[in-house]
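Heads up: the structure comes next, in structure tokens.
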Amino acid sequence: MVLPLVPQLEGHTHTLTPLTTDPATPSHPSEMADLDIKPPAQAVPKRDRVRWRPHDVELGNVAGPSNLPGLGRTRSQGSLSIHSARSYSGAADPSAALPIQYRTVSIDIDDYNRKAQIAKKAEKAAATDLADLVWHTISVEDAIRRLSTSLDQGLSQEQVKRRTAEFGKNAPSPPESHRVQQVVGYFFKGFGSVLLVGCILVFIAWRPLGQPPAPANLALAIVLLAVFFIQAAFNMWQDWSSSRVMASIKNMIPDECLVIRDGVQVSAMAVDVVPGDVLLVKAGNKLPADVRFVHVSSDAKFDRSVLTGESVPLTATVDATDKNYLETKNMGLQGTHCSSGTVTGVVVATGNRTVFGRIAKLTNEPKKGLTTLEREVLNFVIIICSIMFFMIALVVILWAAWLRKSYPDWINVPTLIVDCVSVAIAFIPEGLPIALTASLTISANMMRKNKILCKSLKTVETLGSVSVICSDKTGTLTQNKMIVTDCCVGALAMSADEARDTLVAEHAKAESGNTALTSNAMDQLWSVSGLCNAAEFDAATRHLALAIRKIHGDATDQAVLRFAEGLGPVADLKRCWATKFNLAFNSKNKFMIRVLGMAHADGLAMALPDGVSAIFEPGDMLLTIKGAPEILLDRCTRYTSMSGVAMTLNPTVREKIEHIKNTWSSQGRRVLLLAHKAMSRTSVKSAPSSAAFESEVLEHAKTGLTLVGLVAIVDPPREEIPSVIKTLRGAGIRIFMVTGDFALTAQAIARECGIITNPDAAIANVTALTRDPLAAAKSSSRDQSPSHSGTDSSDLQTSIVLTGNDLLTLNEAQWDQLVTSYTEVVFARTTPEQKLRIVREIQSRNHVVGMTGDGVNDAPALRAADIGIAIGGGSDIAVEAADMVLLESFSSVVEAVRFGRMMFDNLKKTICGGTHHRSGALPCSAHQILGIDSMDFLGASARGLHQKYTQHSL
């Protein structure tokens, strides 16, 4: 657990006393003088858990506050012990202040509490230094002028080079090494001190006590000294190699952000960001530096819990809301997440000049105390040493009370010392530290070779105990490479190629002058697809073929934008229409809205039916919307026919559209509805820049929409998924799909992945779950059999598909029946809160739950699960929330489970294999004991690791 920024109780909205800030312009007006802030004082951050909302129950008719416990995890801790290279907040987290190292006998696997005086020192220092920052109080224009940048052009490459040379890389300073303490630990941790004392005593027994000096005693002393130095050298080499391994792991996940340079959007590594860079941020991104916001969407919010402990995301603004640099909402601080919306900002501080950099500089102190494994080994050492000293005392007492008097010539003092050392060596497992560190390091290297980033080895052991894995669909089970395959205009479905051919034919008719038979229905579909879209083409790849161009944005928007570009240049659309308001897609609304103003009259003929375009005036606005059909279809009152005319959406046409949607969904395709609505300037009372405009737009979007068409998107499953599911199921692990997709789509994908094996007729729904507790208990007990615990008896698998709305109605008896009686479960149309509830309900029924995901909406469930598993290409917030990151694909989870199941057994084999012969070693000489001991432990390590693909294979 990491200390908060200020030692206050959770729930306080402010963690620092408001600071008095002088808003006056600094006296140093040179180009970059304001950036060179004086050497910072630091504060210790509160590293809190990711929270989605102030209460984490699903939306619905839920009365009163939630009594569910706060997000937390009891089995898996230290989620930032090894962090993504993109996660610069990790440098500010005490658990990541030092590289992960296998020091002597342990790997750092727990976060530690910092002392109270460090927090007080940090608070005082931060309050003094942050009071001098004025970036939040000056105007946007002034900030841009001071940074010598441009919102449209950004920085030039020459400016970037100069500022990199001046301010350095955007990375925290490395922590102090404290080499002296490390070297002392190499020699004296474990049984090293006992070996050294024994060596000194044997040297004394050789000389001056030896009369004459015995060469055997000298040889024994040299052997003990050699073992002492060999063990220290091994520990030193192990520490160095482990640090090198972990440093390479941290670089496995690239850390990129989107910036504007030389007038184009480019991807840049976060370490290369410099003050003055214009940064583009969307939901799920983590800020790589301190940023002053210049443009924010109406729904833009940032999760600052990592700094302030506030669980409620704060709304982003352009103007200052507080004099306190940490409390104002127009600043984005490094390490905080964008939980929703989009933001454009200007970087004002990087590296150690950021708030997190200041904090990290203070918290870069060595951890104090022992890790869990070190404590266990210390207890083992204490027990062994206690027995050892008891036996030595017994030998000395017997010699002094009996042998010395009855047999004075048999054992003299030098011989007694050698005998006592031999007894000590007989009890000391000198090879234990070597065996333990070797076992842990070999496991870590094996995971690294399998592209598994484990933030702590404790989580690997947890994964070995998992009984249920709840997996997100998009990007986890599927490739997250979406393609629009079909579309529908009016009630006519066609393929994407046919749509392109139809549009070309219509344009050919118009060019030939045959305007009587032309239709702009396909133009309207093209317009909404290209304009109501948050994705952007990468400027550097515009010259490439459409299929291989790089697009910035989520996978769904990328697919629709590529489809629109295939119909015609999207740049022509954007030339005619200017964005006035944008509401980003989120998992609750399940739609995206973009309000546009006319910039050129040519856009009317492309975007609107003839009757509407004729009355559309320059001050009017066009509302475009894209989202889930089941949400938006009921809001549509008209539809665009193939003739391009807006017609009343009657029940017959509605039924045809529903049929098309259901057909595509049953084939595993994601279906989106595209619609628009013209808003006259008299019907809009607020300005687009005002806060009230969002409410007006949402009210307009509730009714009167004109359905332009549907698009079907294919996201094929990863090739390896069916075999992975089969392997995990054979290992006794049940796989539940938890997705926000339509039920029929989720069911089809689940069948392709192997999660559902039964035919459609055998798949149950919510009606199969009885609300009667007695009947549910009987059903659950009847279904408690090996076949219902994940074995390969596929003919006995029971399948069920539930939606988010179904979850709202389930009582405890139905949850009991669902968790115990069904082996193939698909949850569709779920919100982030419902995903969280699913994890907790399964946990409450004595299951160890793993959660896999890659999106922002998966983060709460990832944090709450016993072990959260993120996909390497996922969002920053998902990687942050998870305990383990699969750098390549979901198939790595099989190897991770193998390692988890073998790890604890390997340690037991290592200890037991090296100690079960100890009692028989007493009659041996010290030389023989040392040889037997080392070979025993190395052999035990080898035997334990050899079990990987025998006893513990899945």
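Relative contact order of the range 590-694, taken over Cα pairs closer than 8 Å and 6 or more residues apart, is 32 percent. Rolling a 1.4 Å probe across the protein heavy atoms gives the range 808-890 an accessible surface of 18 Å² per residue.
Couplings 3J(HN,Hα) for the range 669-685, derived from phi with the Karplus relation 6.51 cos²θ - 1.76 cosθ + 1.60 (θ = phi - 60°), are 9, 7, 10, 10, 9, 10, 8, 8, 7, 7, 10, 6, 5, 6, 8, 10, 9 Hz, where x marks Gly and Pro. When each of the peptides 716-722, 267-273, 736-742 is scored by the mean number of other C-beta atoms lying within 10 Å of its residues, the order from highest to lowest reads 736-742, 267-273, 716-722.
Scanning residues 5 or more positions from Val738 or on other chains, those with amide H under 5 Å from its amide H are Ser471, Asp472, Lys473, Phe827, with H placed 1.01 Å from N in the peptide plane. Once you reduce the range 196-211 and the range 807-829 to the center of their Cα atoms, the two points are 72 Å from each other. Find the centroid of the Cα atoms in the range 317-345 and in the range 603-677, then give the distance between the two in whole Å. Spelled out, the Cα-based centre of one part sits 37 Å from the other. Kirkwood-type hydrodynamic radius, the range 676-761: 17.3 Å, calculated from all non-identical alpha-carbon pairs. Solvent-accessible area of the range 508-607 (1.4 angstrom probe, protein heavy atoms only): carbon and sulfur portion equals 55 percent. Can you pull out the trypsin sites (Lys or Arg not before Pro) in the range 514-577 whose DSSP state is coil and whose Cβ has at most 16 other Cβ atoms within 10 Å? Answer by residue number: Arg542, Lys550.
The values are calculated or read from the model by the stated rules, or taken from the named source; none is laboratory data. In this text the structure is predicted, and so the values were computed from the model without any measurement. Quick reminder, even Gly has a Cβ in these numbers, built from the backbone with ideal geometry, and neighbours come from all protein chains shown. Each accessible area value is taken on the protein alone, full model and side chains, heavy atoms only, with ligands, DNA and RNA left out. Shrake-Rupley method; radii C 1.70, N 1.55, O 1.52, S 1.80 Å.
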